[in-house]
Amino acid sequence: METRALGDTGHESSIATFGAIALNWLEQEGANQMVEHVLSKGVNHFDVAPTYGDAELKLGPKLRQHREDIFLGCKTQERGYEGAKRKLDRSFDRLGVDYIDLYQVHGLEYESELDEITADDGALAAFREAKDEGKIGHIGLTSHGNPGLIRDAIDRIDDLETLMFPLNPVVIGKGDDEHDYAGVFEAAEKAGIGTLGIKAFARGPWPDTDELPEADRPFPNWYEPVDTPDEIAERFDFAAAQGLTSVVTPGDPKLVAMVLDAATRYNGMDETAQRSLIERLRHDESPVPEQLHH
């Protein structure tokens, strides 16, 4: 699988990042098999979080076995110093490792949160301390909405090394400030920040729960995903062709293998194909911004 420089971190990430939330839906044996499959396809960048149910625990055994082959991203929704420090220690315990390659602020949505994390007693102080102590390698940030706020974060956090944000043909086709993730990508590139794309495979928001109760959804994703090999390959090719460092696999185990197949076959996507996909999906309902639960 192709690899690309993760900004200025010095790491070369596979163009697919394994979204380890998928492990939460599997028994331990199935989780072990999935990690082996992901690694066998050439994926070297994994992303997990404490909010992903048991994903940290399920990832632990194979992570420890293959620690040298995995660039591990983890994250926290804590905004203050003490909370972030506690959550980081808890992730070390659950994962069974003593080093995390990339630790990220998880799901930044509001200006007030940016003030909080950058304050003297904010989460970033805990991140920097852990980095100085050799417990984490790099500092990142993830956001599911508000491109303007992500750009503010780039300006205000001078040691920010990676960003994770939505990028797909629907948001690019909207062409307004509320969906200006292309602008986020450009700002990140300029600052030497690695870029990780989420929601590449989003078809749109789920129908209202009255029409389709959560329990009846065929996938546990927060959004309704595309789910055929052709659509998945088209969406992967589009996201990778935007220049992202890496595209994060969706949260449903049933989709991961199809995405990995697309990633191993990736061979670019020409401008015409990109434009026609944007045109076709321009009027679809965007899966972002969305209700803030992820």
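Go through ALA273, ALA257, ALA215 for me and flag whichever is more than 21 Å from the chain's Cα centre (by Cα), among the small types (Gly, Ala, Ser) and modelled with pLDDT of 95 or more.
ALA273
Where the second residue is part of a helix (DSSP H, G or I) and not polar (S, T, N, Q) and the first is more than 14 Å from SER14 (Cβ to Cβ) and in contact (Cβ under 8 Å) with a residue 24 or more places away in the chain and lies in the stretch 233-250, which pairs have Cβ atoms under 6 Å and are six or more apart or on separate chains?
Final answer for the pair search is ALA233/ALA262; PHE238/PRO169; PHE238/LEU277.
Given the criteria open to solvent by 30 Å² or more (accessible area, probe 1.4 Å) and either in contact with an Asp or Glu (Cβ under 8 Å, 6 or more places away or on another chain) or free of Cβ contacts under 8 Å to residues at least 24 places away in the same chain (or both), does ASP155 qualify? Steps first, answer last, please.
Details: open to solvent by 30 Å² or more (accessible area, probe 1.4 Å): yes; either in contact with an Asp or Glu (Cβ under 8 Å, 6 or more places away or on another chain) or free of Cβ contacts under 8 Å to residues at least 24 places away in the same chain (or both): yes.
In short, yes.
When the residues of the stretch 172-206 are narrowed to those that are hydrophobic (A, V, I, L, M, F, W, C) and touching a Lys or Arg at 6+ places or on another chain (Cβ under 8 Å), which ends up nearest to PHE238 (Cα to Cα)?
Restricting to residues being hydrophobic (A, V, I, L, M, F, W, C) and touching a Lys or Arg at 6+ places or on another chain (Cβ under 8 Å), the top hit is ALA200.
Looking only at strands (runs of 3 or more DSSP E) that lie completely in the stretch 1-106, which have at least 3 residues being over 22 Å from ALA257 (Cβ atoms) and out of contact with any strand residue (DSSP E or B) (no Cβ under 6 Å at 6 or more places or on another chain)?
Of the strands (runs of 3 or more DSSP E) lying wholly inside the stretch 1-106, none has at least 3 residues that are over 22 Å from ALA257 (Cβ atoms) and out of contact with any strand residue (DSSP E or B) (no Cβ under 6 Å at 6 or more places or on another chain).
Tell me, which residue of the stretch 116-147 that is in a loop (DSSP other than H, G, I, E, B) and under 17 Å from the mean Cα position of the chain (by Cα) is modelled with the highest pLDDT?
Going through the qualifying residues, I end up with SER143.
Restrict the check to the stretch 192-200 and report whether at least one residue is open to solvent by 50 Å² or more (accessible area, probe 1.4 Å) and hydroxyl-bearing (Ser, Thr, Tyr).
no
Residues of the stretch 87-117 being surrounded by fewer than 14 Cβ atoms within 10 Å (Cβ to Cβ) and closer than 17 Å to LYS135 by Cβ, which ones? Can you show your working first?
Let us first name the residues in the stretch 87-117 that are surrounded by fewer than 14 Cβ atoms within 10 Å (Cβ to Cβ), namely 89-90, 93, 98-99, 110-112, 115.
Those that are surrounded by fewer than 14 Cβ atoms within 10 Å (Cβ to Cβ) and closer than 17 Å to LYS135 by Cβ: ASP89, ARG90, ASP93, ASP98, TYR99.
Looking at the stretch 21-31, is at least one residue free of Cβ contacts under 8 Å to residues at least 40 places away in the same chain, small (Gly, Ala, Ser) and open to solvent by less than 40 Å² (accessible area, probe 1.4 Å)?
Checked the stretch 21-31: at least one residue is free of Cβ contacts under 8 Å to residues at least 40 places away in the same chain, small (Gly, Ala, Ser) and open to solvent by less than 40 Å² (accessible area, probe 1.4 Å).
Test each condition in (1) at pLDDT 95 or above; (2) β-branched (Val, Ile, Thr); (3) open to solvent by 10 Å² or more (accessible area, probe 1.4 Å) for VAL184 and report the one that comes out false.
VAL184 satisfies every listed condition except (3).
Counting only residues that are more than 20 Å from ASP47 (Cα to Cα) and either open to solvent by less than 40 Å² (accessible area, probe 1.4 Å) or not polar (S, T, N, Q) (or both), how many does the stretch 129-148 have? If you could, list the steps in order and put the result at the bottom.
Applying the first criterion (more than 20 Å from ASP47 (Cα to Cα)) to the stretch 129-148 yields 129, 132-133, 146-148.
Remaining after also requiring either open to solvent by less than 40 Å² (accessible area, probe 1.4 Å) or not polar (S, T, N, Q) (or both): 129, 132-133, 147-148.
Adding up the residues that qualify gives 5.
Quick check on THR195: is it touching a Phe, Trp or Tyr at 6+ places or on another chain (Cβ under 9 Å), among the β-branched types (Val, Ile, Thr) and touching a residue at least 60 places away in the same chain (Cβ under 8 Å)? Before the answer, list the steps.
Numbers: touching a Phe, Trp or Tyr at 6+ places or on another chain (Cβ under 9 Å): yes; among the β-branched types (Val, Ile, Thr): yes; touching a residue at least 60 places away in the same chain (Cβ under 8 Å): yes.
The answer is yes for THR195.
Which is open to solvent by less than 60 Å² (accessible area, probe 1.4 Å), over 28 Å from GLY148 (Cα atoms) and either more than 17 Å from the chain's Cα centre (by Cα) or modelled with pLDDT of 95 or more (or both), of THR228, THR209? Explain how you work it out, then say what you get.
Details: THR209 fails: open to solvent by less than 60 Å² (accessible area, probe 1.4 Å).
After applying the criteria, what remains is THR228.
The values are calculated or read from the model by the stated rules, or taken from the named source; none is laboratory data. Everything numeric in this text was worked out from a predicted model, so none of it was measured. Neighbour counts are summed over all protein chains in view; Cβ atoms, including those assigned to glycine, are modelled from backbone coordinates with ideal geometry. Quick note on the areas: whole protein, heavy atoms, side chains included, nothing else; ligands and nucleic acids left out. Shrake-Rupley method; radii C 1.70, N 1.55, O 1.52, S 1.80 Å.
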